[in-house]
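There's a structure below that I have some questions on.
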Amino acid sequence: MIDGLRVAVVLPAYNAGLTLLRTYREIPLDIVDDVILIDDASKDDTSEVARSLGIHTIVHVSNRGYGGNQKTCYRAALERGADIVVMLHPDYQYSPKLVLPMASMIASGHYDVVLASRILGKGALAGGMPLYKYIANRALTLVENLLLGQKLSEYHTGYRAWSRKVLETLPLEACSDDFVFDNQMLAQTAWFRFNTGEISCPTRYFEEASSINFRRSCIYGIGVLKTALTYRLARWGLAKPAIFTDQTARLRIDTAANEAVAPQ
């Protein structure tokens, strides 16, 4: 808890059995009130490892995709009373030790959203990010900043912190269940004019760390450009996309229990 605010860390997991323990050990449990793992129908022992660590674990009966996993993460965190929610990949690619400063930036009241950027500083390439991904990251970010009217160093980090107000406001149910969910969510925060801050984060690329292949990266890139263009058209009044305008698509917290299987 920070300044009386309840902090939850959510772990969207798929085949993270080999890296979950290392990730969990570095989460600052002295200030984190709740750790929640959503196992998206993993084929390994992810859920068993999570339960052995005492993590509140929810298991999807079938794979719902990265975006679908996050929707369950945020529903569960809100249901369990979180005021600040930090989304951390359990593949040990990002440093869990940054949960404290990220959550503190939200608790300060200055920011509604905090991103752990791999691009601030020199950590991305040094940590093993493939060159083609680095170049694509920089190019996409440039286009997005122009179309969304933002000044972020990157939009593609998988390490983010949110205030409860943000998660209760964004029409997340209208977003994709695939990887572009991450990008759509940031476009939504810009649409609703939430304040976004960034913090520099070291990153690690290794065999067990999750990463999408070149083909999926291309599909993601096209989705990112489509999202940014849709945002600009909507700002000009030329489109009314559901991801920005459908307020009935806010998280349906009361239905979470019907959409996943949670152990007792």
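The values are calculated or read from the model by the stated rules, or taken from the named source; none is laboratory data. Note that the structure is predicted; figures quoted are calculated from it, not measured. Reconstructed Cβ throughout: ideal geometry from the backbone, glycine too, with neighbour counts over all protein chains shown. Note: areas computed on protein heavy atoms with side chains; ligands, DNA, RNA excluded. Shrake-Rupley method; radii C 1.70, N 1.55, O 1.52, S 1.80 Å.
Would you work out the relative contact order for the chain, in percent, from Cα pairs under 8 angstrom that are 6 or more residues apart?
Relative contact order comes out at 24 percent.
Could you list which residues have their amide H under 5 Å from that of residue 2, counting only those 5 or more apart in sequence or on another chain, with H placed in the peptide plane?
Sorted by chain and number, the residues that satisfy this are 7.
Taking the simple approach of a point 7 Å from Cα along Cα-to-Cβ for both residue 52 and residue 215, what is their distance in nm?
Once both label points are built, they end up 3.4 nm from each other.
Leaving out ligands and nucleic acids, note down the accessible area per residue over the chain with a 1.4 angstrom probe, in whole Å². Could the numbers behind the result be given before it?
Numbers: 11650 Å² over 264 residues.
Dividing the accessible area of the chain by its residue count gives 44 Å².
The chain: D in µm²/s via Stokes-Einstein (Kirkwood Rh, Cα pairs, 20 °C, 1.002 mPa s)?
The calculation lands on 116 µm²/s.
GNM, the chain, Cα, under 10 Å: largest mean-square fluctuation among 137, 145, 213?
Highest fluctuation among the options: 213.
Which of 88, 20, 53 moves most in a GNM of the chain, Cα contacts under 10 Å?
53
Once you sort the root eigenvalues of the Cα gyration tensor of the stretch 135-203 as a ≥ b ≥ c, which label holds: rounded (a/c under 1.5), prolate (a/b larger than b/c) or oblate (the other case)?
rounded
Rounded to whole Hz and in sequence order, give me ³J(HN,Hα) for the stretch 216-226 from the Karplus expression 6.51 cos²θ - 1.76 cosθ + 1.60, θ = phi - 60°, writing x for Gly and Pro.
3J(HN,Hα) across the stretch 216-226, in whole Hz: 5, 5, 5, 4, 4, x, 5, x, 4, 5, 5.
Hey, what do the phi angles of the stretch 236-246 turn into as Karplus ³J(HN,Hα) couplings, whole Hz, using 6.51/-1.76/1.60 and θ = phi - 60°, x for Gly and Pro?
7, x, 9, 7, 10, x, 4, 5, 10, 10, 8
Still on this structure, I have one more. Quick one: give the max-minus-min coordinate of the C-alpha atoms of the stretch 1-63 along each principal axis, largest first, in Å.
The Cα atoms of the stretch 1-63 stretch 39, 21, 15 Å along the principal axes, largest first.
Take residue 30 and residue 143, extend 7 Å from each Cα along the Cα→Cβ direction, and tell me the distance between the two endpoints in nm.
Label at residue 30, label at residue 143, 4.5 nm between them.
Give me the percent of the accessible area of the stretch 139-191 that comes from carbon and sulfur atoms, probe 1.4 Å, all protein chains in place.
Details: 930 of 1610 Å².
That share works out to 58 percent.
Need one word for the stretch 53-199: rounded, prolate or oblate. Basis is the Cα gyration tensor (sqrt eigenvalues a ≥ b ≥ c); a/c below 1.5 gives rounded, then a/b vs b/c decides.
Since a/c stays below 1.5, the shape of the stretch 53-199 is classed as rounded.
Report, by chain and number, residues whose modeled amide H sits under 5 Å from the one on residue 203, excluding near sequence neighbours (fewer than 5 apart, same chain).
127
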